[in-house]
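Colleague: Questions regarding the structure given below will be posed in turn.
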Amino acid sequence: MTGQLETKIREYRAKLGLSQEELAERVGVRRETIIHLENGRYNPSLRLAMEIAEVFGVTVEEIFRFRKE
């Protein structure tokens, strides 16, 4: 199965007024990881996806969506 993971991290980050650096610090990763996630170049572990969703107060499914090609 091929496809791509789509993310709404940038959108939710903007709603909370968080920088990439601030989000990275809250979930324990480097800023570069957040950049790669936002640009669709990195798929997060389940743990990281859950931590990001927790920061935003939403479910993982609201932040990440897998689109089949």
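Where a number appears in this text, it was derived from the coordinates with a stated rule and is not lab data. Quantities reported herein were computed from a predicted structural model and do not represent experimental measurements. Cβ placement follows ideal geometry from the backbone for every residue including glycine, while neighbour counts extend to all protein chains displayed.
Colleague: Express in nm, to one decimal, how much length is gained between Glu25 and Glu61 on full extension, taking 0.36 nm for each residue of separation and deducting their alpha carbon distance.
Modeller: Values: separation 36, 0.36 × 36 = 12.96 nm, distance 2.20 nm.
Contour length minus Cα-Cα distance gives 10.8 nm.
Colleague: Also, I was wondering about something else. Once you have the Cα-Cα distance between Glu54 and Glu32, take 0.36 nm times their residue separation minus that, and quote the gain in nm to one decimal.
Modeller: Length difference between fully extended and current span is 5.9 nm.
Colleague: Would you pull out the residues with amide H under 5 Å of Leu5's amide H, same chain only if 5 or more places away, H placed 1.01 Å from N?
Modeller: So Leu5 has HN proximity to Arg67.
Colleague: For the chain, rounded, prolate or oblate, judged on the Cα gyration tensor with a ≥ b ≥ c (square roots of eigenvalues), a/c < 1.5 rounded, else prolate if a/b > b/c?
Modeller: Prolate, since a/c reaches 1.5 and a/b exceeds b/c.
Colleague: Also, quick follow-up: For the chain, calculate the relative contact order in percent as a whole number, restricting contacts to Cα pairs under 8 Å that are 6 or more residues apart.
Modeller: For the chain, the relative contact order is 48 percent.
Colleague: Counting Lys and Arg as +1 and Asp and Glu as -1, each charge on the Cβ, what is the dipole of segment 7-60 about the Cα centre in debye, to the nearest 20? Display every interim value, and only then the final one.
Modeller: On the way: 9 positive and 8 negative charges, 27 e Å.
For segment 7-60, the charge dipole is close to 120 debye.
Colleague: Treat segment 24-63 as a sphere of radius equal to its Kirkwood radius over Cα pairs and apply Stokes-Einstein at 4 °C in a medium of 1.567 mPa s; give the translational diffusion coefficient in µm²/s, rounded to a whole number.
Modeller: Translational diffusion coefficient: 127 µm²/s.
Colleague: Using DSSP to define loop residues, name the trypsin sites (Lys or Arg not before Pro) in segment 1-45 whose beta-carbon has at most 12 other beta-carbon atoms within 10 Å.
Modeller: Passing sites in segment 1-45 are Arg30, Arg41.
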